[in-house]
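Read-outs: derived from the displayed coordinates by stated rules, not from any lab. This one's a predicted model, so the numbers in the text were calculated from it and none came from an experiment. Reconstructed Cβ throughout: ideal geometry from the backbone, glycine too, with neighbour counts over all protein chains shown.
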Amino acid sequence: MADNHSKEQRSYNMSRIRSKDNKPEDLVRKYLFSKGFRYRKNVRKLPGCPDIVLSKYKTVIFVNGCFWHKHDCPRFVWPSSNQDYWIPKITRNVERDIINHNLLRLQGWNVIVVWECELKKSVRENRLERLIKEIISSQHEISK
């Protein structure tokens, strides 16, 4: 199936997709800050450069896009064009995520993944409240 955008339009669209400081990340960070959590952003010294690092709680948070990280939800659909490029790319992303999460856990970090689809208005508040509970429960496990 052919792309329904010109090469220039597709290039422009792709250039507007940000790998950090995007809207889903911003939503999570603002919520955490409003609840009194302080964090660091995009810590390059840690495997996978986590989006949010809560050192006090020994917790890292990845805010993943459903398409880029192959989430099992309706937002993820394999592209019908240029599959020779997209299938290996997305597969590598998923494999890299697994490796980085395992490395972080070996270093004693609690790893939390928040998916883009979990931040839709209809379910956002519930997911963010659960996120706080996950962070706090990780603190209890560290203090044991």
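Which ³J(HN,Hα) values in Hz, rounded to whole numbers, follow from the phi angles of segment 22-28 under the Karplus curve 6.51 cos²θ - 1.76 cosθ + 1.60, where θ = phi - 60° and Gly and Pro get x?
So the J values, rounded to whole Hz, are 8, 4, x, 4, 4, 4, 5.
Ranking 97, 51 by Cβ neighbours within 10 Å, fewest first, what do you get?
Starting with the residue having the fewest Cβ neighbours, the order is 97, 51.
Across segment 34-49, in residue order, what do the Karplus-derived ³J(HN,Hα) couplings come to in whole Hz, using 6.51 cos²θ - 1.76 cosθ + 1.60 with θ = phi - 60° and x for Gly and Pro?
Running phi through 6.51 cos²θ - 1.76 cosθ + 1.60 with θ = phi - 60° gives 5, 9, x, 7, 10, 8, 10, 9, 6, 7, 6, 6, 9, x, x, 6 Hz.
Can you give me the Kirkwood hydrodynamic radius for segment 41-143, using every pair of distinct Cα atoms, in Å to one decimal?
Taking every pair of different Cα atoms in segment 41-143, averaging 1/r and inverting gives 14.9 Å.
Output the pairs from 35/133; 23/133; 30/120 with a Cα-Cα distance over 18 Å in this structure; if there are none, say none.
Too far apart for the 18 Å limit: 23/133.
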